[in-house]
Amino acid sequence: MNKQISLALIGAGNRGQGIFGQYALDMPHRAKFTAVVEPDQAKRELFSANHKIPQKRVFADYESFFKADIRDIDGVVIATLEDQRITPVLKSMEKGYHILVEKPLCSNVAELIRLYDAAKDYPGILIVCHQMRLTPRYRLIKNLVDSGRYGEIVCIQHSENLSYSHMAHSFVRGFFNSSKLTPMLLAKSCHDMDMLSYIVGKKAKKIASFGSLKYFRKENCPAGAPKFCLEGCRHYHACPYHVLKLYFEPDTDPAYLRQMGVIKDKDQLRELLMKNRFGRCVFQTDNDVVDNQTVQIEFENDIHVSFTMCGHNGLERRMTKISMTNGEIDYDGISGLIKAYSFEPLLEETLKVNAGGTHGGGDRAIMDNFTEAIETGDKSILYTPIKDSLDGHLMVFAAEESRKTGTVVDMRKYETAVRATIDLAIANS
């Protein structure tokens, strides 16, 4: 690449600051953020200082940014909270900007279809941050599947195993603990639905799901536990979720702290945890998202897929096993090894992909893909255009429908019904 791409960031929180912003700092020959939108003053000032953005291009809200009508940027990266993405995306389309939007695209199925229909004929780049498609490991798995050497897919077993600390931080205490706003599959596993759809390469036909909030409930709270850990919980030694064990260790995930704001030192962190949402007892929050869920999917061509999400694991990793008519592909997220077996000829091969960086190298890869497509104007190189994201998102919403109603959901009937509801609402407006 010879051209430095000029970008605006909408949402300088955990992902915006720590992933997309860091990419520009690490790869200044590829990208530079020249404008930022962020309502939190401390985050806004930190980002603008790190990227040397002039004050006239620093905004507290996206209305002011779009009103400023900045024309010398090549694209926007949208990393707001889930329920605050559709409007910036639509306004960015009106301006003709190239767009990278965080996953999930939106927080409900009506918004998804509205956005998809609006973007179908968009001449610019509009990609979704489904970086699993771009991780070296899953790109290799996709290549193995498509090689023809192992025959056709019969079934897939895939699991996403959240660590107990990630579950507690993001989905019990954190911003993704409301099933009304972001069901677990939407907030955490729409990556997996998208990746499974990508690997299979067929349309999903039917979907069924079961799940529950089994453990993080008030009835499981130890006797006498205070509402906040730092109020002096006598169960400290027996509780793995105490904030002193999650947020004050040398290997504490920096993403956990970025979600709390700009943290200057441990004293400030302690003060915050005395009163913020991340300091609460995990059994006394307002959470209602599931901590375990299974999804069964029937794809075209009689391909059957099972997916399990569980938030009670010591090590965070994904595991994937693909059974095929002439072989098997097995990915172990602990060792990072991919084992490929063919039946005829009878061969076994072990492959190890060296992949560094966040999300297995996917975060850098998707920014590389976005900036390269902007520079070259070649949209054919894109791995995650919005047209490819509809099925993965629809599978999430259909799975939630199944979980809530106890029914098997026909994917095409479900999509048709949602579209009819949207059309009726438009007609009556």
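The values are calculated or read from the model by the stated rules, or taken from the named source; none is laboratory data. Note that the structure is predicted; figures quoted are calculated from it, not measured. Don't worry about glycine lacking a Cβ; one is built from the backbone with ideal geometry, like all the others, and counts go over all protein chains shown.
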Does at least one position in the range 211-230 carry a residue that is within 19 Å of Gly311 (Cα to Cα), crowded, with 21+ Cβ neighbours inside 10 Å and either at pLDDT 95 or above or out of contact with any helix residue (DSSP H, G or I) (no Cβ under 9 Å at 6 or more places or on another chain) (or both)?
-> yes
Test: Val145 is modelled with pLDDT of 95 or more, more than 30 Å from Asp302 (Cβ to Cβ), assigned to a helix (DSSP H, G or I) and among the β-branched types (Val, Ile, Thr) = no
Among Lys206, Lys245, Lys275, Lys264, which is more than 30 Å from Gln41 (Cα to Cα) and of a type in the set (Lys, Arg)?
-> Lys206
Just to be sure, is Arg149 assigned by TED's automatic domain parsing to the domain that holds Tyr414, of a type in the set (Lys, Arg) and more than 18 Å from the chain's Cα centre (by Cα)?
-> yes
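Conditions tested, residue by residue: (1) surrounded by fewer than 21 Cβ atoms within 10 Å (Cβ to Cβ); (2) over 18 Å from Ile5 (Cα atoms).
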residue: Lys43; (1), (2): yes, yes
residue: Leu46; (1), (2): yes, yes
residue: Arg57; (1), (2): yes, no
residue: Tyr62; (1), (2): no, yes
residue: Arg85; (1), (2): no, yes
residue: Glu94; (1), (2): yes, yes
residue: Tyr97; (1), (2): no, no
Complete set of residues in the range 93-135 that are assigned to a helix (DSSP H, G or I), out of contact with any Leu (no Cβ under 8 Å at 6 or more places or on another chain) and within 18 Å of Gly377 (Cα to Cα) = Lys95
Test Ala168 against the stated conditions and say whether it is crowded, with 21+ Cβ neighbours inside 10 Å and at pLDDT below 95.
-> no
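Out of Gly336, Gly356, Gly360, which single residue is in contact with a strand residue (DSSP E or B) (Cβ under 7 Å, 6 or more places away or on another chain), over 24 Å from Asn2 (Cα atoms) and small (Gly, Ala, Ser)?
When all the criteria are applied, what remains is Gly336.
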List the number of the failed condition for Gly124; all other conditions in (1) over 20 Å from the mean Cα position of the chain (by Cα); (2) in contact (Cβ under 8 Å) with a residue 60 or more places away in the chain hold.
-> (2)
For Ile153, which of the numbered conditions (1) at pLDDT 95 or above; (2) surrounded by fewer than 18 Cβ atoms within 10 Å (Cβ to Cβ) fails to hold?
-> (2)
Give me the pairs: first residue in the range 67-88 and in the same structural domain as Ala12 (by TED's automatic domain parsing) and within 11 Å of Cys106 (Cβ to Cβ), second residue surrounded by fewer than 18 Cβ atoms within 10 Å (Cβ to Cβ) and of a type in the set (Gly, Ala, Ser), beta-carbon distance under 8 Å, and six or more apart or on different chains, which are they?
-> none
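This table checks each residue for (1) in a helix (DSSP H, G or I); (2) farther than 20 Å from Arg364 by Cβ.
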| position | (1), (2) |
| --- | --- |
| Ala8 | no, no |
| Gly18 | yes, no |
| Ala24 | yes, no |
| His29 | no, no |
| Ala35 | no, yes |
| Ala49 | yes, yes |
| Lys67 | yes, yes |
Collect the residues in the range 116-131 that are at pLDDT below 90 and either surrounded by 22 or more Cβ atoms within 10 Å (Cβ to Cβ) or of a type outside the set (Ser, Thr, Tyr) (or both), keeping them in residue-number order.
-> Asp117, Ala118, Ala119, Lys120, Asp121, Gln131
